[in-house]
Amino acid sequence: MTDQPAPMSIQAIESYHAHVYFDGPEARQRAEVLRDRIAQRFPVQMGRWRDQPVGPHPTAMYQVAFEATLFPSLVPWLMLNRQGLTIVVHPNTDRPKDDHLVHALWLGAVLPLDGTGLEASLSALGRAQDEIMPNTTPALTDI
Ligand code: ZN
């Protein structure tokens, strides 16, 4: 008991990413529907389409970056509406490697992430998390 590290505070979470994975044209169509539906409902920073694996991600995907205050509405909405797609939701703290490999929450299958390029600590490198800049204009309030 006593040799366990102290628990992390949720105050460490500056924002979240949801990465929506798709593999093949049929899944990409479902990902398009989901992307539009998210953008119609939530003020998020929608990332561009990544049709090839990039960084730690094993398949094509796009990123949805969002403020922590959106978690209790967006994440349950994704649970109900993910179109059968696999989604990882990870917090953004000072520790990108842990955020992806240890702290993440998966909807659907758990995919193997490659943590080799992820930093253990941003502050140790004099860096900070990117600010979230919402680029959607949600018009639907009934989620
Ligand atoms: Zn991410």
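Here region 63-143 is treated with +1 on each Lys and Arg Cβ and -1 on each Asp and Glu Cβ, and its dipole about the Cα centre works out to around 160 debye.
Skip the ligands, DNA and RNA, and give the accessible area per residue of region 4-143 with a 1.4 Å probe, whole Å².
For region 4-143, the per-residue accessible area is 56 Å².
Of the residues THR93, PRO7, ALA109, the one whose Cα sits farthest towards the positive end of the charge dipole of the chain is ALA109 (charges of +1 on Lys and Arg Cβ, -1 on Asp and Glu Cβ, taken about the Cα centre).
Computed packing ranks the peptides 97-103, 49-55 as 97-103, 49-55, most packed first, by mean other Cβ atoms within 10 Å.
Packing-based ranking of 19-25, 88-94, 2-8, 134-140 yields 88-94, 19-25, 134-140, 2-8, ordered from highest to lowest mean Cβ neighbour count within 10 Å. Computed 3J(HN,Hα) for region 95-107, one whole-Hz value per residue from the Karplus formula 6.51 cos²θ - 1.76 cosθ + 1.60 where θ = phi - 60°, is 10, x, 5, 5, 4, 7, 8, 10, 8, 6, 10, 10, 10, glycine and proline marked x.
Roughly speaking, to the nearest percent, how much of region 35-143's 1.4 Å accessible area is carbon and sulfur? Using a 1.4 Å probe with all protein chains present, region 35-143 comes out at 52 percent carbon and sulfur. If only the Cβ of Lys and Arg carry +1 and only the Cβ of Asp and Glu carry -1, the dipole of region 1-127 around its Cα centre is close to 380 debye. Where the centroid of each part is defined by its Cα atoms, how far is region 1-33 from region 89-117 in Å? Cα centres, region 1-33 to region 89-117: 6 Å. Three principal axis extents of the chain based on alpha-carbon atoms, in descending order, are 47, 32, 31 Å. Which angle between 0 and 90 degrees, to the nearest 10, do you get for helix 71-81 versus the longest principal axis of the chain when only C-alpha atoms count? In the chain, helix 71-81 runs at an angle near 50 degrees to the longest axis.
The values are calculated or read from the model by the stated rules, or taken from the named source; none is laboratory data. Please read all numbers here as calculations on a predicted model, not as lab measurements. Glycine also receives a Cβ, built like all others from the backbone with ideal geometry; neighbour counts cover every protein chain displayed. When the accessible area is computed, the model is the full protein with side chains, heavy atoms only, and any ligands, DNA or RNA have been set aside. Shrake-Rupley method; radii C 1.70, N 1.55, O 1.52, S 1.80 Å.
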